[in-house]
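Contents: one structure, followed by commentary.
The values are calculated or read from the model by the stated rules, or taken from the named source; none is laboratory data. Source: prediction; values computed, not measured. Here the Cβ positions follow ideal geometry from the backbone for every residue, glycine too, while neighbour counts run over all protein chains shown.
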Amino acid sequence: MMNELAFYALAGAPENPRNLLDEVIQAEELGIGNCFLSERFNIKEAATLSGAVGAVSEKLGIATAATNHNTRHPVVTGSYASTMHFLTGGRFALGLGRGIDVLFRAMGLSRITTKQLEEFVGIMRRLHRGETISGYEGSVGKWPMLRLDPGFDEYIPLILTAFGPNSLALGGRVFDAVVLHTFFTDETTARCVNDVKVAAEKAGRNPADVRVWSCLAVVGNHLSPELQLKKTVGRMATYLQAYGDLMVRTNNWEFKELDNFRKSEIVRHFQGAIDQMASFDELQQIEELIPEDWLSHSAMGSPRNCVEVINKQFDLGCDGVILHGASPDELGPVIREYKKHRPRNRFEHLPNNPGLPPSMIKVSG
């Protein structure tokens, strides 16, 4: 298994979550080492999908990237993680994120803060060590008692999906791995990796034990033109809809381009997520609104070209690459090309858990 590679299950807007089962089987056959699960509140609830992956896989590392700590009671989340941990023989990592503020407001949930995430990590660590937490009161909540099983003494990795400097520093300080965002420039990727590793070192941790995952859009030219446009223009447009300011600020792009995108008639009047709802004709119109350079920070073209971009992520300092926006079946030609050029000894230290610190690989079995 190539533990330096991963894919996102059920990429885009699947019609049926059962597609996941075939994807997992195909991924293991190809040798993709890890499966990441995003969460959408329709047919992509993370706990259910995680259990399905664990049930039909034998070697695949599994992680949520991400779920949110404020949508479940901490005992429920902790139990979910420990159940997956034992179900998979230690292949599961719990991935958390800040979520989308607009959606949280609509759901009546409060905005997630850096302080809350750090507190929640402490709660999970204690519960998985078998501790009973009495009279807890903090920014993350107030509970009379929190406990899973006093017999526990488990290490279940925790992953953070990170964007801004505060999140990156938090990831390096207390999490086991960090997942970056799609369409990061090379400069942004290298800077983010450095921010995570420096924060880890300042916290007295081994920077090599805090793994940084690039999230790289892989859109080979073996896909249909319609599908290529959906996976590039559609996906970027949806990000700009949801948190365009953060995308532009992080990549040091021009805000005037974002303003032009937002003020366009088609975007102003579009109902729903563009990557889910837009027709091919609409995507072609939206393509004219997004600078070509913004879309270029992905793996496109021939399988060989895609592999070159994948390998560059490692050169920029990333420990792993999530091949984003494509199913294992769609990734087949790229994976087969990657295997031809993969340095065999470079990744032997990585465990088959996307969040487990490499120094713990012997301890974990």
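Annotations
- Scanning segment 338-360 for residues that are part of a helix (DSSP H, G or I) and under 24 Å from Leu10 (Cβ atoms) returns a single hit, Tyr338.
- Considering (1) out of contact with any Asp or Glu (no Cβ under 9 Å at 6 or more places or on another chain); (2) modelled with pLDDT of 95 or more; (3) over 30 Å from Gly31 (Cα atoms); (4) among the polar types (S, T, N, Q), the lone condition that Asn311 does not fulfil carries the number (3).
- Single residue of Ala55, Ala27 found to be in contact with a Leu (Cβ under 8 Å, 6 or more places away or on another chain), in the same structural domain as Leu160 (by TED's automatic domain parsing) and surrounded by fewer than 17 Cβ atoms within 10 Å (Cβ to Cβ): Ala55
- Flag: Asp275 matches the condition of being of a type in the set (Asp, Glu), at pLDDT below 95 and either over 28 Å from Leu10 (Cβ atoms) or within 20 Å of the chain's Cα centre (by Cα) (or both).
- Criterion applied to Val233, Val174, Val198, Val179 was being under 30 Å from His349 (Cα atoms), crowded, with 23+ Cβ neighbours inside 10 Å and of a type in the set (A, V, I, L, M), and the one residue passing it is Val179.
- Residue pairs whose Cβ atoms lie under 8 Å apart, separated by 6 or more positions or on different chains, with the first residue in segment 245-256 and of a type in the set (Ser, Thr, Tyr) and the second in a loop (DSSP other than H, G, I, E, B), are Thr250/Phe163; Thr250/Gly164; Thr250/His181; Thr250/Phe184.
- Residue pairs meeting the criteria (Cβ under 6 Å; at least 6 apart or on separate chains; first in the same structural domain as Gly33 (by TED's automatic domain parsing), in segment 87-98; second among the β-branched types (Val, Ile, Thr)): Arg91/Ile62; Phe92/Ile62; Ala93/Ile159; Gly95/Thr64; Gly95/Ile159; Gly97/Thr161; Arg98/Ile112
- Index of the failed condition, Arg173 passing every other in (1) touching a residue at least 40 places away in the same chain (Cβ under 8 Å); (2) basic (Lys, Arg); (3) in contact with a Phe, Trp or Tyr (Cβ under 9 Å, 6 or more places away or on another chain): (3)
- So Gly90, is it surrounded by 17 or more Cβ atoms within 10 Å (Cβ to Cβ) and either under 26 Å from Arg111 (Cα atoms) or hydrophobic (A, V, I, L, M, F, W, C) (or both): no
- Here the helices (runs of 4 or more DSSP H) wholly within segment 199-267 that include at least 1 residues being of a type in the set (Phe, Trp, Tyr) are 235-251, 255-263.
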